[in-house]
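Okay, structure first, notes after.
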Amino acid sequence: MTTLITNARLVNPESRTVTLGAILILGGVIAEVFDTPDPEISAESVPDEARIDARGKYIAPGIVDIGVKICEPGERHKESYGSAGQAAAAGGVTTIVTRPDTSPAVDTPETLEFVRRRANEAAPVHVLPMAALTKGRLGREMTEIGFLMDAGAVAFSDCDRVVSDTKVLSRAMTYARALGALIVGHPQDPVLSAGAATTSGKFASLRGLPSVSPMAERMGLDRDIALVEMTGVRYHADQITTSRALPPLDRAKRNGFDVTAGISMHHLTLNEFDIADYRTFFKVKPPLRAEDDRVAMVEAVRTGLIDIIGSFHTPQDEESKRLPFEEAASGAVGLETMLPVLLRLYHSGELDLPTLFRALSLNPAKRLGLECGRLEKGAPADLVLFDPDKPIVLDRFKLLSKSKNTPFDGARLQGKVLQTFVNGTSVYRSA
């Protein structure tokens, strides 16, 4: 299929530029990137029906979202590969990297094969599965990492169920290092953070909620980095959310360790005060932090100390959220809302578009060894066309996800996905 997108503003995260130009798509890849908005190409080469006039809107590499929870197998009523794939396409996400914290956990080649087959059948976007690091995510015995890699696992993680036995974790990291596998850790001290619903401080005390010190994240990251130094494994911290965790992360990178870090959209745009009157849609894990931490995280993304931004899409049904704050399930959906929410940082002048898409597209693709995430000749034509200035009022009941647990219900946002392409094929177009 041939497509020519003209009169577009090209957001290039690699060159860190935004320029007027055009893109020619041929056979699922970017065949040419033009530095003129309307290149002279004959109608025989590209017929009128294959031309898209972007009308000055922006086009960027499709988002690669690491850490998405799809509730198959086990809880399909919360989210399926079909509904998540449609939500991803509507949000400009062209590749989703799924978590293994399902029921049962994705800890065997057979379960992983089921996941891959279901995803390929139902989702219009690329789906790459992670596998559990330990069997049943119980932290006792490592999974068959080699066999799971052969079955298609792109990384290994026990998600928010932190492996507390350091010997088990060190053995798994040593084995993963020998195979070149990527370990995704959740930096939290599991004892300090157990049962916490908020970040410790005056606000948590006034609300009478169980809390956790930001030092729990620092302590968890310190331990993981020490094990990285000992084993030499490739390591990605899924979420760094406190300023106290930044110095050890910076030291690890300066020491040449193979370490990267991510953060969720929620910790970049919300703070602890947003839970207000015990609003459970704002209960996420780790809990929302102080405003000073949020500002520090935005700066860390700007400088590149934090590499990747993800939605950490975690569907929960109404029954799981309509509970007292302490008892409510953690997590929020984000596949469809991530881009308009993060554009708040663009409109406030905190992050420019190339920096934003460097963290959303280029860096996650590079970390996983993918060819996407770039606007250059020969790259896969996984693209998102969007209008960053389009005002919208978010209505959670119009989201394509089965679960509607977004903290941004009713929020006035600025930014809308107009069209999403996967391998050059349009998989979403706004009405």
| message | If I model a spin label as a point 7 Å beyond the Cα along the Cα-Cβ vector, how far apart are those points for Leu138 and Thr303 in nm? | response | 4.4
| query | Taking K and R as +1 and D and E as -1, what net charge do the other residues with C-beta under 14 Å from the C-beta of Glu113 add up to? | reply | -3
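Ignoring everything except DSSP H segments at least 4 long, calculate the 222 nm mean residue ellipticity for the chain; use -39,500 (n - 2.57) per segment, divide by total residues, nearest 500.
Computed ellipticity for the chain at 222 nm equals -8000 deg cm²/dmol.
Considering only protein heavy atoms and a 1.4 Å probe, what is the carbon-and-sulfur percentage of the accessible area of the stretch 52-91? Spell out each step's value before the answer.
Numbers: 420 of 1020 Å².
Reported share for carbon and sulfur atoms: 41 percent.
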| remark: Karplus-derived 3J(HN,Hα) from phi for the stretch 182-199 (6.51 cos²θ - 1.76 cosθ + 1.60, θ = phi - 60°), whole Hz, x at Gly and Pro, runs 9, 9, 10, x, 10, x, 8, 6, x, 6, 5, 8, 4, x, 6, 10, 9, 8
| request: Read phi for every residue in the stretch 383-388 and hand back ³J(HN,Hα) as whole Hz from Karplus 6.51 cos²θ - 1.76 cosθ + 1.60, θ = phi - 60°, with x for Gly and Pro. | output: 9, 10, 9, 8, 10, x
| task | In vacuum, with every alpha carbon of the stretch 137-291 counted as one equal point scatterer, what does the Debye formula give for log10 I(q)/I(0) at q = 0.13, 0.17 Å⁻¹? Two decimals, please. | result | -0.62, -0.97
| note | Rounded to one decimal in nm, the spacing of the 7 Å Cα→Cβ label points at Leu20 and Glu121 is 4.9
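Calculate the translational D of the stretch 44-163 in whole µm² s⁻¹ from Stokes-Einstein, where the hydrodynamic radius comes from the Kirkwood formula applied to all Cα pairs, the temperature is 20 °C and the viscosity 1.002 mPa s.
Here the translational diffusion coefficient equals 138 µm²/s.
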| What is the Å³ per residue value for the convex hull set by the Cα atoms of the stretch 128-213? | 100
| note | Between the modelled labels at Ser170 and Gln414 (7 Å from Cα along Cα→Cβ) the distance in nm is 5.2
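Listed highest first by mean packing, meaning other Cβ atoms within 10 Å per residue, what order do 144-151, 286-293 come in?
Working: 144-151: 17.5, 286-293: 20.2.
Answer by packing, highest mean first, reads 286-293, 144-151.
Over all distinct Cα pairs, what is the inverse of the mean 1/r for the stretch 293-396, reported as the Kirkwood hydrodynamic radius in Å?
Details: mean 1/r = 0.0629 Å⁻¹.
It is 15.9 Å.
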| request: Pop the C-beta distance of Ser42 and Phe397 into the FRET formula with R0 = 35 Å and round what comes out to the nearest 0.05. | output: 0.15
| query | Considering the alpha-carbon set of the stretch 60-108 alone, what are its Rg and its Dmax in angstrom? | reply | 11.4, 36
| field | Cα-Cα P(r), the stretch 347-406, percent of pairs per 10 Å interval | value | 18, 33, 37, 12
| field | Range of Cα positions in the stretch 73-227 per principal axis (Å), largest first | value | 49, 38, 25
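For the chain, take N as its residue count and report Rg(C-alpha) divided by 2.2 N^0.38 Å. Walk me through the intermediate numbers first.
On the way: Rg = 21.0 Å, N = 431, 2.2 N^0.38 = 22.1 Å.
So the chain has a normalised radius of gyration of 0.95.
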| request: Return the single residue from Leu206, Leu169, Leu221 with maximal mean-square fluctuation; model: Gaussian network over the chain, springs between Cα atoms under 10 Å. | output: Leu206
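Roll a 1.4 angstrom probe over the protein heavy atoms and tell me the percent of accessible area of the stretch 95-232 that is carbon or sulfur.
On the way: 3060 of 5950 Å².
Accessible surface attributable to carbon and sulfur in the stretch 95-232 totals 51 percent.
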| remark: Computed ³J(HN,Hα) along the stretch 235-248: with the Karplus parameters 6.51/-1.76/1.60, θ = phi - 60°, integer Hz and x for glycine or proline, the list is 9, 10, 7, 5, 9, 10, 10, 10, 5, 5, 8, 6, x, x
| task | Specify which residue in the list Ser311, Thr280, Ser243 is farthest towards the positive end of the charge dipole of the stretch 183-331, using unit charges on the beta carbon of Lys, Arg (+1) and Asp, Glu (-1), about the Cα centre. | result | Ser243
| query | How far is helix 291-303 tilted, in degrees, relative to the longest principal axis of the Cα atoms in the chain, given as a value from 0 to 90 rounded to the nearest 10? | reply | 50
| Sorted by accessible area (1.4 Å probe), largest first, how do Met219, Met142, Met1, Met230 line up? | Met1, Met230, Met219, Met142
| query | Given Lys57/Lys398; Lys78/Lys398; Lys78/Lys283; Lys78/Lys202; Lys78/Lys366, which pairs have Cα atoms separated by over 26 Å? | reply | Lys78/Lys202; Lys78/Lys366
| How do the peptides 53-64, 90-101, 271-282 rank, highest first, by the average count of neighbouring beta carbon atoms within 10 Å per residue? | 90-101, 53-64, 271-282
| request: Compute the accessible area per residue over the chain, keeping the other protein chains in place, probe 1.4 Å, unit Å². | output: 40
| request: Take Leu356, Leu128 and sort them by solvent-accessible surface of the protein heavy atoms, 1.4 Å probe, largest at the top. | output: Leu128, Leu356
| said: Taking every pair of distinct Cα atoms and averaging 1/r, then inverting, what Kirkwood hydrodynamic radius in Å comes out for the stretch 1-86? | reply: 15.2
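Tell me, what are the semi-axes, in whole angstrom and largest first, of the equivalent ellipsoid of the stretch 231-366 as set by the roots of 5 times the Cα gyration tensor eigenvalues? Please list the in-between numbers first.
Details: eigenvalues 137, 58, 42 Å².
Square roots of five times the eigenvalues give 26, 17, 15 Å.
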| request: Take each of the peptides 116-125, 420-429, average the number of other beta-carbon atoms within 10 Å over its residues, and list them starting from the highest. | output: 420-429, 116-125
| Want the number for Arg254 to Tyr278: 0.36 nm per residue separation, take away the alpha-carbon distance, what's left? | 4.6 nm
| field | Exposure rank, largest accessible area first [Lys69, Lys202, Lys377, Lys253; 1.4 Å] | value | Lys202, Lys377, Lys253, Lys69
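The values are calculated or read from the model by the stated rules, or taken from the named source; none is laboratory data. Because the structure is predicted, anything quoted here is derived from the model rather than measured. Heads up, the Cβs are rebuilt from the backbone with ideal geometry, glycines too, and the neighbour counts pull from every protein chain shown. Note: areas computed on protein heavy atoms with side chains; ligands, DNA, RNA excluded. Shrake-Rupley method; radii C 1.70, N 1.55, O 1.52, S 1.80 Å.
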